[in-house]
Amino acid sequence: MRHTKITGANFFKAGGTLHPDAPSYVERPADKELFRQVVSGQFCYVLTPRQMGKSSLMIRTAEQLRREGTKTAVVDLSGIGAQQVTKEQWYLGILKQLTQELNQSIKPESWWSEHRTLGPLQRFTDFLHDVVLAEVEGQMVIFIDEIDSTLKLDFTDDFFAAIRAMYNLRAAAPEYNRLTFVLLGMSSPSDLIQDRNRTPFNIGQAIDLQEFSRRDAWPLQNGLEQIYAGQGQSILDRIFFWTNGHPYLTQKLCLEIAESSDNDWPRERIDNLVEKLFFDKDASKEDNLQSVHESVKADQQRRQLLWLYRRVYKGEVVKEDRRSLLQNRLNLIGLVRNESGVLHIRNEIYRRAFNLPWIKENTPTNWSNWSQIVTFVGGTISVLALVLAFLFIRIVIPTRTYSDNFRQSSSANAKVYYLAELCSMKPVNRCQVAQSLFFAQDQEQQLAMFRQVNAQGAGEKLVVVVECLYPSISDSAEEIERADDLSKAMGCALHRLDPEQGHQFSKDKGLELKCETQAGENHE
């Protein structure tokens, strides 16, 4: 029997910020942690992928703080603008939002103009000290939302450095103890101050905003139950199978089901809905999936990022490393999550949408090859004849010789030797030429070189070749799935040279090696 107490539209919300009293708000451990930290005066940051509920968490926490008597202000940096905005306009925009949020009578434009002899950053920090802290009594929390919208601006290093400075001033100027900042957005602490010659943004408490847990998601189950009596638990269980509690995806499916005219929702019908919403050709522009896709395409390290994602996708044990910029970026884009210290695909919808064909299609091709090297060398003709002759004798002729010898040789050890010489040539590294030569062979020839090489005879040259070729496996393998076979062949060759070195290689790359010993090579 269908109930009419509530409807999907007035209960669930897919996208946008939830009102603090929204019936479908799911409280997570991060809610209590953020409130506890800011009440104690700790600077905090909530840095997670898009549509994970950051803004809803912010608004709810701000409302709780107000009820406790703490003054709060929410500054949305995306509302100021990130395109064609001057430094003056940007800082003044922040001051206008602060005065509105704190209900101050001062006119920020007039104050700004009266202090125009000072730079924009100095005016911003002076305003906080001379106006905000002077006029607002008690504790104050300023939420800075959408901080990732600033990353393309060339002056925001100073902004985040100023926030860090106000934290450090607490020891000398006690009034700053009343002022707390919370930063929210899709970025990492290392992004906030990008100038590597400056001290990084190294203050504050990270708030880990995870997906909904099944236990915490009882408000969603309750809403579904009121609409579909007796089915709330089974419907949400199947939704969680697909979303793993991703806030936006979970709310979207709940909303679609709640607004449907169907009365029964068995597992198969939910699966069909997921197919329609996220995997049909008409679903290619779905907001969340498109956001993830565009974030990957725009990343400057897309090739390395997708190589790491592919390892996780194929089930390799990739241990979490908080120091890894690639892992942090992959997590912020939203493709992976950390579970018990190991990276996993964030949910089954992402597993289906961002699969191996998608990885292959979006992995940039490594166009570095011999013709580019020749073009590069040819471009130096305008240099003095003596320099050109030096380059020709020291680089071009040996490169051609080693390249021709590699192509003509049938011996695995000889091939390794010529590749190693190319990889080690001075004054210019020839690793790209070696990669082009090696990957111009068919798959069986590539595998045969490492399977047949006498590792003891090749010695350290084998190590040089592996280090040279391995970074380009994902780009140059004809099929992306074949990269594993080549990686394992390299690992076993190293194992025959030195078991410990082979073991370390397999550990670093997440490979499981089963290597056979060649005749004449006495390694277990």
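Please verify whether residue 102 is buried (at least 16 other Cβ atoms within 10 Å of the Cβ) and touching a strand residue (DSSP E or B) at 6+ places or on another chain (Cβ under 7 Å), treating the condition exactly as stated. Show your work before the answer.
Values: buried (at least 16 other Cβ atoms within 10 Å of the Cβ): yes; touching a strand residue (DSSP E or B) at 6+ places or on another chain (Cβ under 7 Å): yes.
Yes: the conditions hold for residue 102.
Specify the residue that is modelled with the lowest pLDDT; the eligible residues are those in the stretch 192-208 that are surrounded by fewer than 22 Cβ atoms within 10 Å (Cβ to Cβ) and closer than 20 Å to residue 57 by Cβ.
Result: 204.
Hey, can you tell me all the residues within the stretch 51-108 that are charged (D, E, K, R), under 27 Å from the mean Cα position of the chain (by Cα) and part of a helix (DSSP H, G or I)?
54, 60 - these are the residues of the stretch 51-108 that are charged (D, E, K, R), under 27 Å from the mean Cα position of the chain (by Cα) and part of a helix (DSSP H, G or I).
Working only within the stretch 223-249, note down all residues that are free of Cβ contacts under 8 Å to residues at least 60 places away in the same chain and under 14 Å from residue 23 (Cβ atoms).
Within the stretch 223-249, 224, 225, 232 qualify.
Can you pull out every residue in the stretch 15-47 that is touching a Lys or Arg at 6+ places or on another chain (Cβ under 6 Å) and crowded, with 20+ Cβ neighbours inside 10 Å?
Passing the criteria: only 46.
Looking only at the stretch 495-514, filter to residues that are at pLDDT 80 or above and of a type in the set (Asp, Glu); which one of those is farthest from residue 321 (Cα to Cα)?
Looking at the filtered set, the residue picked out is 498.
Is one or more of the residues making up the stretch 270-281 more than 29 Å from residue 358 (Cα to Cα), acidic (Asp, Glu) and either touching a helix residue (DSSP H, G or I) at 6+ places or on another chain (Cβ under 9 Å) or surrounded by 15 or more Cβ atoms within 10 Å (Cβ to Cβ) (or both)?
Step one: list which residues in the stretch 270-281 are more than 29 Å from residue 358 (Cα to Cα), which gives none.
Within the stretch 270-281, not a single residue is more than 29 Å from residue 358 (Cα to Cα), acidic (Asp, Glu) and either touching a helix residue (DSSP H, G or I) at 6+ places or on another chain (Cβ under 9 Å) or surrounded by 15 or more Cβ atoms within 10 Å (Cβ to Cβ) (or both).
Going residue by residue through the stretch 325-342, is there one that turns out to be surrounded by 12 or more Cβ atoms within 10 Å (Cβ to Cβ) and among the small types (Gly, Ala, Ser)?
Yes - at least one qualifying residue is present in the stretch 325-342.
Identify, from the list 141, 136, the residue that is surrounded by fewer than 20 Cβ atoms within 10 Å (Cβ to Cβ), of a type in the set (A, V, I, L, M), touching a Lys or Arg at 6+ places or on another chain (Cβ under 9 Å) and in contact (Cβ under 8 Å) with a residue 60 or more places away in the chain.
Result of the check over 141, 136: 136.
Anything in the stretch 44-77 that is over 15 Å from residue 207 (Cα atoms) and either of a type in the set (S, T, N, Q) or not assigned by TED's automatic domain parsing to the domain that holds residue 104 (or both)? List them, or say none.
51, 64, 70, 72
Which ones in the stretch 311-343 are in a loop (DSSP other than H, G, I, E, B) and within 8 Å of the chain's Cα centre (by Cα)?
The answer is 334, 335.
So is residue 67 of a type outside the set (S, T, N, Q) and out of contact with any helix residue (DSSP H, G or I) (no Cβ under 8 Å at 6 or more places or on another chain) or not?
For residue 67, the condition - of a type outside the set (S, T, N, Q) and out of contact with any helix residue (DSSP H, G or I) (no Cβ under 8 Å at 6 or more places or on another chain) - is met.
Report the residue count in the stretch 72-106 for those that are among the charged types (D, E, K, R) and out of contact with any helix residue (DSSP H, G or I) (no Cβ under 8 Å at 6 or more places or on another chain).
1
The values are calculated or read from the model by the stated rules, or taken from the named source; none is laboratory data. If you're wondering where the values come from, they're calculated on a predicted model, not measured in any experiment. Glycine also receives a Cβ, built like all others from the backbone with ideal geometry; neighbour counts cover every protein chain displayed.
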